[in-house]
Amino acid sequence: MAQTQSKYLFTVTHYDGDGDRVATPFVLANNALAAGADVLVWLTVDGVELGKRGAADKVVPKSFPPVADLLKTFAENGGKIGVCPPCGKTHGVTDENMLPNAEWLGAAAVLAAAQDRQAFSF
């Protein structure tokens with residue numbers, strides 16, 4: 001009997017003020033990728049700031065590795081990032097400054113992607 005691939009959706013709503021809250025979903029996402037899962041991180045509200053190149057450098061957690069390192073590992077291991085378009089517009093995310101492994105992912109698209117994924121929100 002074939003085993004199905006695990007699929008996860010991590011929603012990130014924070015950017016500054018609590019580095020551990022920002023790092024935790026990426027720690028989980030990286031572990032899921034290492035276990036062979038299909039992982040999508042959706043950035044929304046203030047979390048869209050992480051969709052900009054270099055923004056993760058400013059987030060230093062107390063308990064985890066730097067967010068920039070976690071984000072780099074996530075990208076290198078095939079993790080996908082979706083950015084909420086209205087929130088991105090509010091926070092100055094553009095096609096020009098967006099991370100290379102990120103794409104715009106609006107409400108309908110994230111709802112469709114969540115259909116067969118276990119979801120976590122931070």
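Here, each number is a calculation from the coordinates, and none is a lab measurement. Quick caveat: nothing in here was measured; it's all calculated off a predicted structure. So basically every Cβ, Gly included, is an ideal-geometry build from the backbone, and we count neighbours across all protein chains shown.
Things worth noting here:
- Computed from the Cβ-Cβ distance with R0 of 25 Å, the FRET efficiency linking ALA108 to ARG53 stands at 0.40.
- Electrostatic bookkeeping for ALA113 treats Lys and Arg as +1 and Asp and Glu as -1; over the other residues with beta carbon under 13 Å from its beta carbon, the sum is 0.
- 3J(HN,Hα) along the range 49-55: 3, 5, x, 8, 4, x, 5 Hz, from the Karplus curve 6.51 cos²θ - 1.76 cosθ + 1.60 with θ = phi - 60°, whole Hz, x for Gly and Pro.
- Relative exposure of GLU103, GLU49, GLU96, judged by other C-beta atoms within 10 Å (fewest first): GLU96, GLU103, GLU49
- Amide H contacts under 5 Å for VAL83, placed H, 5+ residues apart: LEU43, GLU103, TRP104, LEU105
- Taking 23 Å as the limit for the C-alpha separation, the pairs LYS7/LYS62; LYS7/LYS52; LYS7/LYS72; LYS58/LYS89 exceed it in the case of LYS7/LYS62; LYS7/LYS52.
- Over all distinct Cα-Cα pairs of the chain, the Kirkwood formula returns a hydrodynamic radius of 14.2 Å.
- Potential lengthening of the chain between SER121 and LYS72 amounts to 15.6 nm, from the contour at 0.36 nm per residue minus the alpha-carbon distance.
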